[in-house]
1. Report ³J(HN,Hα) in whole Hz for each residue of the stretch 19-29, in order, from the Karplus equation J = 6.51 cos²θ - 1.76 cosθ + 1.60 where θ = phi - 60°; Gly and Pro get x.
2. Using a Förster radius of 22 Å, what is the FRET efficiency between LEU47 and PHE20 based on their Cβ-Cβ separation? Nearest 0.05, please.
3. As an exercise, identify the chymotrypsin sites (Phe, Trp or Tyr not before Pro) in the stretch 1-63 lying in DSSP coil whose Cβ has no more than 16 other Cβ atoms within 10 Å.
Amino acid sequence: MDGNDPQDVGAEFWAQVRGFTIVEGPAAPDTPLGRLQAFAAAHGSDLLTEEHVRAAIEGRPLLPGGADGGDGSAPSPGAG
């Protein structure tokens with residue numbers, strides 16, 4: 001953060017008021033964002049789905065074929 005840049009100072013103040021911390025670089029590996037970044041580095045960001053994000057937030061494993069262990073796609077209507 002540049003303490004002389006009004007935009008940086010404003011962003012830092014907003015973050016403190018909201019209870020956030022602005023960091024540079026990758027997220028901590030034990031956070032949901034860090035887990036998603038590690039998954040994307042290992043498997044490619046193209047494989048990330050909304051289900052992966054839900055799994056990361058809930059602390060579930062992130063599986064390459066989709067967080068549910070399947071191909072990451074939703075079942076078709078009427079299937080089953």
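1. Result, ordered by residue: x, 9, 10, 8, 10, 9, x, x, 5, 4, x Hz.
2. Details: r = 28 Å, r/R0 = 1.27.
Efficiency at R0 = 22 Å is approximately 0.20.
3. Numbers: sites: PHE13, TRP14, PHE20, PHE39; in loops: PHE20.
Those that pass, being in a loop and sparsely packed, are PHE20.
Only the coordinates and a few stated rules stand behind these numbers; no lab work does. This is a predicted model, so every value here is computed, not measured. Neighbour counts are summed over all protein chains in view; Cβ atoms, including those assigned to glycine, are modelled from backbone coordinates with ideal geometry.
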